[in-house]
Amino acid sequence: MKLATLKEGGRDGTLVVVSEDLARAVRVPQIASTLQQALDHWERMQPALRRTYGLLNDLQMPGAFDLDPHQLAAPLPRAYQWVDGSAYVNHVELVRKARGAEMPPSFWTDPLMYQGGSDAMLGPRDPILLADEAWGIDFEAEVAVITDDVPMGVTPTEALKHVKLVTLVNDVSLRNLIPAELAKGFGFFHSKPASAFAPVVATPDILGEAWKDGKLHLRLESYRGDELFGQPDAGVDMTFDFGTLIAHAAKTRFLTAGCIVGSGTVSNVDRSTGSSCIAERRMIEILEQGEAKTPFLRFGERVRFDMKDAQGRSLFGRIEQMVKRYEA
């Protein structure tokens, strides 16, 4: 089934069930008022949500309405946990190689992960508001999963059973702020502003054969303006599947229902598939041409991200954002 959150009813929005074609939706206050509430009681609530999904697709659901992505918040407008991995080690290797840094062998066996800000997530049409272009504004197209309660010390195989929802995310990065922050030895903060999420989350079962071995085997399209920037296959060259990422996050702590785990920038060794962020393209330019030529984002630019199924239908809806100057 597919779910989304309307921008109404308070900070956490209002849960809606969405039709398979993303055209229609219906509020379900009799089941759960928010997505977080549904996740908190998933085993009890998901059967009723699934029945509603079936009726909605059969055009038999009273109260259904046409869905406008501009009405939608992030599926979880604020989340108890947002952690982002770096599952595509090819991407990490490229970035380090371009600056002449050796990559430790452990990067191939031990995932990188950071804890991001989860108190204010962006909806699929919300602008990217930032005060200064000089910060090096970049997008990162990723796949993300949302879990129920995950026990500490869970194995990768068991961890996959806790994946309840799948979606897309634009993990905005401020590249020119990253070096100084990492040099402090305490990780990202200013360089990782609010992330934006696709209109809809989907349960793994409706992804069919595309969801296999903890990976989503479909192309993730990134556009800068009207230019197709990249379309790598998210299931290819993913060194760490989502089970491994979740187990890594839960090594020393419990994860509560509503935890969002990101894949990191989707990247293929085959460079003909393009890139899912500007930084990777710049690193390839440095390696091949001696200098970076592609600029970071400017105010007034648009970016969009989408993933289509085998029939060419959008699975989660598009993330489509404009970069705008923030003025307090």
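Give me a count of the residues in segment 4-52 that are open to solvent by less than 60 Å² (accessible area, probe 1.4 Å) and of a type outside the set (S, T, N, Q).
Residues flagged as open to solvent by less than 60 Å² (accessible area, probe 1.4 Å) and of a type outside the set (S, T, N, Q) within segment 4-52 amount to 24.
Is segment 85-101 home to any residue that is outside any helix (DSSP H, G or I), closer than 29 Å to residue 292 by Cβ and in contact with a Phe, Trp or Tyr (Cβ under 6 Å, 6 or more places away or on another chain)? Can you show your working first?
The first filter runs over segment 85-101 and keeps only residues outside any helix (DSSP H, G or I), leaving 85-88, 99-101.
The next check asks that each one be closer than 29 Å to residue 292 by Cβ; those that pass are 85-88, 99-101.
Filter again for in contact with a Phe, Trp or Tyr (Cβ under 6 Å, 6 or more places away or on another chain), leaving 87.
For segment 85-101, residues outside any helix (DSSP H, G or I), closer than 29 Å to residue 292 by Cβ and in contact with a Phe, Trp or Tyr (Cβ under 6 Å, 6 or more places away or on another chain): present.
Is there a residue being more than 19 Å from residue 260 (Cβ to Cβ), open to solvent by less than 50 Å² (accessible area, probe 1.4 Å) and modelled with pLDDT under 95 anywhere in segment 80-90?
Yes, segment 80-90 has at least one match.
Is at least one residue of segment 129-138 among the aromatic types (Phe, Trp, Tyr), open to solvent by 10 Å² or more (accessible area, probe 1.4 Å) and out of contact with any Lys or Arg (no Cβ under 7 Å at 6 or more places or on another chain)?
Checked segment 129-138: at least one residue is among the aromatic types (Phe, Trp, Tyr), open to solvent by 10 Å² or more (accessible area, probe 1.4 Å) and out of contact with any Lys or Arg (no Cβ under 7 Å at 6 or more places or on another chain).
For residue 264, state whether it is open to solvent by less than 10 Å² (accessible area, probe 1.4 Å) and more than 26 Å from residue 76 (Cα to Cα).
no
Only one of these conditions is not met by residue 109: (1) on the phi > 0 side of the Ramachandran plot; (2) open to solvent by 40 Å² or more (accessible area, probe 1.4 Å). Which number is it?
So the condition that residue 109 fails would be (1).
From the list 103, 45, exactly one residue is over 19 Å from residue 197 (Cβ atoms) and out of contact with any Lys or Arg (no Cβ under 7 Å at 6 or more places or on another chain). Which is it?
The match here is 45.
Tell me the residue from 233, 306 that is of a type in the set (Asp, Glu) and in contact with a Ser or Thr (Cβ under 6 Å, 6 or more places away or on another chain), please. Quick ask: steps written out before the conclusion?
On the way: 233 fails: in contact with a Ser or Thr (Cβ under 6 Å, 6 or more places away or on another chain).
Only one candidate qualifies: 306.
For residue 275, state whether it is closer than 18 Å to residue 113 by Cβ, in contact (Cβ under 8 Å) with a residue 12 or more places away in the chain, in contact with a Gly (Cβ under 7 Å, 6 or more places away or on another chain) and among the polar types (S, T, N, Q).
On the way: closer than 18 Å to residue 113 by Cβ: no; in contact (Cβ under 8 Å) with a residue 12 or more places away in the chain: yes; in contact with a Gly (Cβ under 7 Å, 6 or more places away or on another chain): yes; among the polar types (S, T, N, Q): yes.
Spelling it out, it is not the case that residue 275 is closer than 18 Å to residue 113 by Cβ, in contact (Cβ under 8 Å) with a residue 12 or more places away in the chain, in contact with a Gly (Cβ under 7 Å, 6 or more places away or on another chain) and among the polar types (S, T, N, Q).
Give me the residue from segment 275-296 that is aliphatic (A, V, I, L, M) and surrounded by 15 or more Cβ atoms within 10 Å (Cβ to Cβ) and, out of that set, farthest from residue 101 (Cα to Cα).
By that ranking, first place goes to 278.
Restricting to segment 254-278, give me the number of residues that are more than 18 Å from residue 121 (Cα to Cα), of a type in the set (A, V, I, L, M, F, W, C) and assigned to a loop (DSSP other than H, G, I, E, B).
Of the residues in that region, 3 qualify.
Does at least one position in segment 297-307 carry a residue that is closer than 27 Å to residue 21 by Cβ, of a type outside the set (Phe, Trp, Tyr) and open to solvent by 80 Å² or more (accessible area, probe 1.4 Å)?
Yes, segment 297-307 contains at least one residue that is closer than 27 Å to residue 21 by Cβ, of a type outside the set (Phe, Trp, Tyr) and open to solvent by 80 Å² or more (accessible area, probe 1.4 Å).
Just name the residue that is most open to solvent (accessible area, probe 1.4 Å) out of those in segment 112-124 that are within 30 Å of residue 9 (Cα to Cα) and assigned to a strand (DSSP E or B).
115
The values are calculated or read from the model by the stated rules, or taken from the named source; none is laboratory data. Given the structure is predicted, the values throughout are model-derived calculations rather than measurements. Quick reminder, even Gly has a Cβ in these numbers, built from the backbone with ideal geometry, and neighbours come from all protein chains shown. Accessible surface areas use protein heavy atoms only, side chains included; no ligands, DNA or RNA. Shrake-Rupley method; radii C 1.70, N 1.55, O 1.52, S 1.80 Å.
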